[in-house]
Amino acid sequence: WKIHAEVTLAPTVELGDYKGVEVEKESDEVSDKELNAELERLQKGEAELVPAKEDQVSEKGDTVVIDFDGSVDGKQFDGGKAQNFSLSLGSGQFIPGFEDQLVGHKAGDDVDVKVTFHKNYQAKNLAGKEAV
């Protein structure tokens, strides 16, 4: 009988001269600005959305839940339709001008949002075109 085995061993490590090496301790102090930024981040992350009052109009920073159906020259385009989409006004999630046109409206309002896709927009069939 012959048996062939290969065994992998951990390499031998020779430590260099590490004794006496000085390392500068990083500061663990936090500025008021850093503290407030972190507290704000935590607050936003834990915030609970509540329905708007009956006659309350939307403002930047509000989260709206929208149904939208986009069209160019009266024809729908791919990716231009959704229902129950949560959008934080002022987040810049949509193309410029879209979110601004939702500010000042009440829940249940129908709004025609008119925008123009940037000339270098990723979807070439929409680039530079006006949409509703």
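All of the numbers you see were taken from the coordinates with simple rules; none came from a lab. Note that the coordinates shown come from a computational prediction; the quantities given were computed from them, not determined experimentally. We place every Cβ from the backbone using ideal geometry, glycine too, and count neighbours over all the protein chains shown.
For the stretch 61-131, count the residues as N, evaluate 2.2 N^0.38 Å, and divide the Cα radius of gyration by that value, please.
1.10
Considering amide H positions built from the backbone, and no H for Pro or chain starts, which residues 5 or more places from Gly90, or on another chain, come under 5 Å of its amide H?
Gly61
If you line up the Cα atoms of the chain on their principal axes, what length do they span on each, largest first, in Å?
Over the chain, Cα extents along the principal axes are 78, 57, 35 Å.
Please sort 87-94, 10-17, 72-79, 40-47 by packing, taking for each peptide the average over its residues of neighbouring beta carbons within 10 angstrom, highest first.
87-94, 72-79, 40-47, 10-17
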